[in-house]
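Here the structure is laid out as structure tokens; the discussion comes afterwards.
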Amino acid sequence: MFGYIVHRLLVMIPTLLAISLIVFIIIQLPPGDYLSTYMAELQAQGEAVDPQKLAYLREIYGLDRPAWQQYLYWVWGLLHGDMGYSFAYNLPVTQVVGDRLMLTFIVSFSTIMFTWIVAFPIGIYSATHQYSWSDYGLTFLGFVGLATPNFLLALVMLYFANTWFGISIGGLMDDRFIGTPWSLAKLGSVLAHLWIPVIVIGLSGTAGMIRRLRANLLDELQKQYVVTARAKGLSPFRTLMKYPLRMSLNPFISDIGTLLPHVISGSAIVSVVLSLPTTGPMLLDALRSQDMYLAGSFLMFLALLTVIGVFLSDLALAALDPRIRLGAGSVK
């Protein structure tokens, strides 16, 4: 086990380096850079652009260097905790994303907890009461959740909250806490506003997980070892919890690698609609303005979450399912 963990950790290093190269190439693919985009915006507004100032800024930001030098400079900074400099905000990236990363983590973690807490009891109940009226009702609600886009649900909730109650449910905190240091009052305001984005973002994931858990559990309940356990007089609850439910969890454990980055990146449009100060809208703005270090740091953050998530899911699968062996198929 220890050798497997060390091997996987060592594999992460070239994996992240390869991802960083791909991310940098993708960011560099659009023509021009941040300064050329900024110059085009000024010219569209009828303002004059000083070529000497533009050349000076290009030299200051290192945009006049060859691409390979820019890449090495960026990667070297990442290895030392320096995520680069945001051209749009005129601040280091770490200062720009600090508070937003904390809010994004709170929203993402709460959404994942909401998804699992709601989906598992409903999925188990639906599987153990197959073809009942409650099963049909829960199945219908699951299809509605899967078919409803998150951003559309956010727009509907904003409309009805404003029309029926005359309140705005956008944002993650009261206006007086924006830009202030963290405190118990600010945390309480965040928690009071949190339930709306959690429901909106987590609804489709919850519906999908209910359908998958129901299908997996129904498949396990038909297998011979369950029939044998029932024939030996094992209680229905113990029969369910002993093996069928554990075996049904394999797909969910394997999804840990994509769950966190999907929640963070997939909620970008919802964050724009609900005016959430998370990393999603900032990533979209950085990609549009070609703020390369800010966009690249976000993408590398998502890649790091994916790599770590896959590693943790492999370890959890080996612990959950005795049929899985680490290093299976390797040469003895």
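The values are calculated or read from the model by the stated rules, or taken from the named source; none is laboratory data. Since we're looking at a predicted model, the values are computed, not measured. All Cβ positions, glycine included, derive from the backbone under ideal geometry; neighbour counts span all protein chains shown. Heavy atoms of the whole protein, side chains included, go into the accessibility calculation; ligands, DNA and RNA do not. Shrake-Rupley method; radii C 1.70, N 1.55, O 1.52, S 1.80 Å.
In this structure the amide hydrogen of residue 85, modeled in the peptide plane, comes within under 5 Å of the amide hydrogens of 93, none closer than 5 places in sequence on its chain. A Cβ-based charge dipole, computed about the Cα centre of the chain with Lys and Arg at +1 and Asp and Glu at -1, lands at about 1740 debye. Relative contact order for the chain: 26 percent, from Cα pairs under 8 Å spaced at least 6 residues apart, divided by residue count.
Annotation: extensible slack from residue 29 through residue 59 equals 8.8 nm (criterion: 0.36 nm per residue apart, minus Cα-Cα distance). Loop sites by DSSP among the chymotrypsin sites (Phe, Trp or Tyr not before Pro) of the chain, restricted to those with at most 11 other Cβ atoms within 10 angstrom, leave 183-332 as the longest stretch without any of them.
Expressed as a whole percent, the accessible area of the stretch 210-313 that falls on carbon and sulfur atoms is 66 (1.4 Å probe). Looking at the chain, the accessible area is 57 square angstrom per residue; that uses a 1.4 Å probe and ignores ligands, DNA and RNA.
Between helix 2-28 and the chain there is an angle of about 40 degrees, using the helix long axis and the longest principal axis of the Cα atoms. When the charge dipole of the chain is built from unit charges on Cβ atoms (+1 for Lys and Arg, -1 for Asp and Glu) and taken about the Cα centre, the candidate among 92, 254, 270 whose Cα reaches farthest toward its positive end is 254.
Measuring nothing but protein heavy atoms, the accessible surface of the stretch 1-127 at 1.4 Å probe radius is 70 percent carbon and sulfur.
Computed over the Cα atoms of the chain, pair by distinct pair, the Kirkwood hydrodynamic radius stands at 23.3 angstrom. Amide H contacts of residue 275 (H built 1.01 Å from N, in plane; Pro and chain starts excluded): 171 sit under 5 Å, all sequence-distant by 5 or more or on other chains. Projected label points at residue 5 and residue 144, each 7 Å from Cα along the beta carbon direction, are separated by 4.6 nanometres.
Note on residue 21/residue 254: beta-carbon distance plugged into 1/(1 + (r/R0)^6) with R0 of 22 Å gives a FRET efficiency of 0.25.
Can you pull out the trypsin sites (Lys or Arg not before Pro) in the stretch 230-321 that DSSP calls coil and that have at most 11 other Cβ atoms within 10 Å?
Numbers: sites: 230, 232, 238, 242, 246, 288; in loops: 232.
Answer in residue order: 232.
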